[in-house]
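See structure below.
The values are calculated or read from the model by the stated rules, or taken from the named source; none is laboratory data. Because the structure is a prediction, the values reported are computed rather than measured. We place every Cβ from the backbone using ideal geometry, glycine too, and count neighbours over all the protein chains shown.
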Amino acid sequence: ESAAPTNFIRAIIDADLRQNKNDGCVVTRFPPEPNGYLHIGHAKSICLNFGLARDYAGAPGGSRCHLRFDDTNPTKEEQEYIDSIKETVRWLGFDWGAHEYYASDYFEQLYRWAIRLIEAGKAYVDDLSAEQIRAYRGTLTEPGRNSPCRDRSVEENLALFQAMKNGEFADGSRVLRAKIDMASPNLNLRDPVMYRILHAEHHRTGNRWCIYPMYDFTHGQSDSLEGITHSICTLEFEAHRPLYDWFIDQLGIHHPRQIEFARLNINYTVMSKRKLLELVNGEYVQGWDDPRMPTLAGLRRRGFTPAAIRNFCERIGVSKKDSCVDMGFLEYCVREDLDRTTPRAMAVLDPLRVVIDNYPEGQVDEFEAPNHPNLPEMGTRKVPFSRVLYIEREDFMEDPPKKFFRLAPGREVRLKYAYLIRCEEVVRDPVSNEIIELRCTYDPASRGGSAPDGRKVKGTLHWVSAAHAVKTEVRLYDRLFNVPAPDGDKEVDFKSHLNPDSLRVLGECLVEPSLAEAQPENRYQFERLGYFCADRFDFTAGKPVFNRTVTLRDSWAK
Ligand code: ATP
Ligand code: MG
Ligand code: MG
């Protein structure tokens, strides 16, 4: 991996360090809400925050990155999501050490801070319904109106807030609001809600609380409590920053600096946990880790490597301007990594039987094939050759155009690592008329793939030996959506753009015998076909399953 390129966030941190702000330390955090699995957009934030902690290890006061679960929304959050988030951050190659935090651990402190704001006349209990609050809020062009409850006395507010906490009121009947400015041009400052009533069991605090703090009242204070110095979030939160600052200033606590950057968008997919959950619940995909999903668990299962994802995040960079990255670029990054890390192997996805008539029955040749064309340190493997072989059905054409350099009647091709063969006869099924077999001859003098007479043979095919090949299932994936911006139009359900052919399962594929020793998640280049990964969950020695991660060349822009 290249040295970290500089960006505007590093420039801010460098300036802060020069002024010895925060006692010379750099503390960042990655703060997921455990309401779904992480997606490739989160990877950008993970690489950024953990990457800064890594790169500023030499700061005078040291550096670290926290993993904080932003778990203030009990109805949507689950332990399963927490577990998958931790597993995924580790898989990506980052380590939060002892710095694992939960916003729910701050509920008591946040409650005391809310009381402090009430006592200071900066917060009040409002009886308006959610709908009324929205109506009173006004619009960008119209100032809001004060709630009739805005001028409640401190004593009454304290008593009501206590009663809210004690469970005396129904969900939605009251909220606690900050008393800021109903005429502010920033709608977030028009007396934002701090607490809502929600009689729901929390995955960590159980039924201890029936009031829950809102994001804006939780996030900045959580950052503050943990001594975060640079709180990096996506651009949507730019307009929340004055509120972030307001709460912290009112409370007079350590003041982290919020910095916004543009979120990652990628075409041909969606990147919102809500929409991904919709795909899971509606069974449009086989789960959060379906290899077609943009989730990190899905990409992992598809065969993406952590290094490829980290490289991708590094190269797209960090900016203040929203943009959409081409899916082809993510694929380019994984292709580049897999090219230099995967052993080669031969597999036939759509087998066509080939019999070498002049090859002795029962004889087996073994060819020593390099595992990588230009990395000898990756070693070699033995590939058996015998009288009955399989080639790819599409590598044969009965009546080919001139430029078809594969097999055809009377033509000669090279079987990779093995011999030159010539097609002598085409055998058809008498009933269906389908081609079921090719009768061929081989040139015994062409062992290794070249003829002593120096005759030119252009085509080289992959193949497997029928008696030795291992039957496997192969899953081929295509883009999940068939338009570049599936959620670009709010009037149209993004699910109407799902690609019906995003998954193709081939049940009769054959792989060379060395792959019988594969383990789940082992990755290979199947020669001429692409990069494949043994399915993390479904692959077994008795029933191998390989997922195609990506094709060899960019077929994306076709
Ligand atoms: P979603 O809209 O998908 O639910 P979120 O922002 O609500 O995403 P969080 O769990 O709150 O999800 O996100 C954790 C962190 O990851 C936040 O700091 C958020 O800014 C960042 N993040 C989320 N999506 C992206 C993205 N597409 N690009 C960059 N960072 C992201
Ligand atoms: Mg969020
Ligand atoms: Mg969200």
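Conditions (1) more than 16 Å from ligand 2 (Cβ to nearest atom); (2) under 17 Å from the mean Cα position of the chain (by Cα), marked per residue:
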{"site": "H39", "(1), (2)": "no, yes"}
{"site": "W96", "(1), (2)": "yes, no"}
{"site": "Y102", "(1), (2)": "no, no"}
{"site": "I115", "(1), (2)": "yes, no"}
{"site": "D127", "(1), (2)": "yes, no"}
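Report whether or not L17 is of a type in the set (A, V, I, L, M, F, W, C), within 16 Å of ligand 3 (Cβ to nearest atom) and modelled with pLDDT of 95 or more. Step through it out loud before you land on a result.
Details: of a type in the set (A, V, I, L, M, F, W, C): yes; within 16 Å of ligand 3 (Cβ to nearest atom): no; modelled with pLDDT of 95 or more: yes.
Against the criterion (of a type in the set (A, V, I, L, M, F, W, C), within 16 Å of ligand 3 (Cβ to nearest atom) and modelled with pLDDT of 95 or more), L17 does not qualify.
Might you check whether a residue that is within 16 Å of ligand 1 (Cβ to nearest atom) and in the same structural domain as R116 (by TED's automatic domain parsing) occurs anywhere in region 157-166?
Taking region 157-166 as the starting set, the residues that turn out to be within 16 Å of ligand 1 (Cβ to nearest atom) are none.
Among the residues of region 157-166, not one is within 16 Å of ligand 1 (Cβ to nearest atom) and in the same structural domain as R116 (by TED's automatic domain parsing), which makes the answer no.
Check E168, E236, E226 and return the single one that is modelled with pLDDT of 95 or more, within 16 Å of ligand 2 (Cβ to nearest atom), of a type in the set (D, E) and more than 19 Å from R150 (Cα to Cα). Walk me through it before giving the result.
Values: E168 fails: within 16 Å of ligand 2 (Cβ to nearest atom); E226 fails: within 16 Å of ligand 2 (Cβ to nearest atom).
Result: E236 is the single residue among E168, E236, E226 that is modelled with pLDDT of 95 or more, within 16 Å of ligand 2 (Cβ to nearest atom), of a type in the set (D, E) and more than 19 Å from R150 (Cα to Cα).
Inspect region 45-55 for any residue being over 17 Å from G93 (Cα atoms) and free of Cβ contacts under 8 Å to residues at least 40 places away in the same chain and give the result as yes or no.
Residues of region 45-55 over 17 Å from G93 (Cα atoms): none.
Checked region 45-55: no residue is over 17 Å from G93 (Cα atoms) and free of Cβ contacts under 8 Å to residues at least 40 places away in the same chain.
Among the residues of region 445-456, is any among the polar types (S, T, N, Q), assigned to a loop (DSSP other than H, G, I, E, B) and more than 30 Å from D538 (Cβ to Cβ)? Steps first, please.
To start, the set of residues in region 445-456 that are among the polar types (S, T, N, Q) comprises 446, 450.
Checking the rest, the ones that are also assigned to a loop (DSSP other than H, G, I, E, B) come to 450.
Adding the requirement that they be more than 30 Å from D538 (Cβ to Cβ) leaves 450.
Among the residues of region 445-456, at least one is among the polar types (S, T, N, Q), assigned to a loop (DSSP other than H, G, I, E, B) and more than 30 Å from D538 (Cβ to Cβ), which makes the answer yes.
Pick from G138, G62, G97, G58: which is in contact (Cβ under 8 Å) with a residue 12 or more places away in the chain, surrounded by fewer than 14 Cβ atoms within 10 Å (Cβ to Cβ) and more than 14 Å from ligand 1 (Cβ to nearest atom)? First the steps, then the outcome.
On the way: G138 fails: surrounded by fewer than 14 Cβ atoms within 10 Å (Cβ to Cβ); G62 fails: surrounded by fewer than 14 Cβ atoms within 10 Å (Cβ to Cβ); G58 fails: in contact (Cβ under 8 Å) with a residue 12 or more places away in the chain.
Among G138, G62, G97, G58, only G97 is in contact (Cβ under 8 Å) with a residue 12 or more places away in the chain, surrounded by fewer than 14 Cβ atoms within 10 Å (Cβ to Cβ) and more than 14 Å from ligand 1 (Cβ to nearest atom).
Out of R310, R241, which single residue is outside the structural domain of H42 (by TED's automatic domain parsing), at pLDDT 95 or above and more than 16 Å from ligand 3 (Cβ to nearest atom)?
Working: R241 fails: outside the structural domain of H42 (by TED's automatic domain parsing).
Result: R310 is the single residue among R310, R241 that is outside the structural domain of H42 (by TED's automatic domain parsing), at pLDDT 95 or above and more than 16 Å from ligand 3 (Cβ to nearest atom).
Which of the residues that make up region 531-553 are in a loop (DSSP other than H, G, I, E, B) and among the hydroxyl-bearing types (S, T, Y)?
Of region 531-553, the ones in a loop (DSSP other than H, G, I, E, B) are 535-544, 551-553.
Hits for region 531-553 are T540, T551.
Looking only at region 342-357, decide whether some residue is in contact (Cβ under 8 Å) with a residue 24 or more places away in the chain and within 30 Å of G41 (Cα to Cα). Walk me through it before giving the result.
Here is the first cut: in region 342-357, the ones in contact (Cβ under 8 Å) with a residue 24 or more places away in the chain are 342-357.
Checking which are within 30 Å of G41 (Cα to Cα) leaves us with 342-343.
Yes, because at least one residue in region 342-357 is in contact (Cβ under 8 Å) with a residue 24 or more places away in the chain and within 30 Å of G41 (Cα to Cα).
Can you find a residue that is farther than 21 Å from I13 by Cα, among the charged types (D, E, K, R) and within 16 Å of ligand 3 (Cβ to nearest atom) anywhere in region 26-49?
The answer is yes, given that some residue of region 26-49 is farther than 21 Å from I13 by Cα, among the charged types (D, E, K, R) and within 16 Å of ligand 3 (Cβ to nearest atom).
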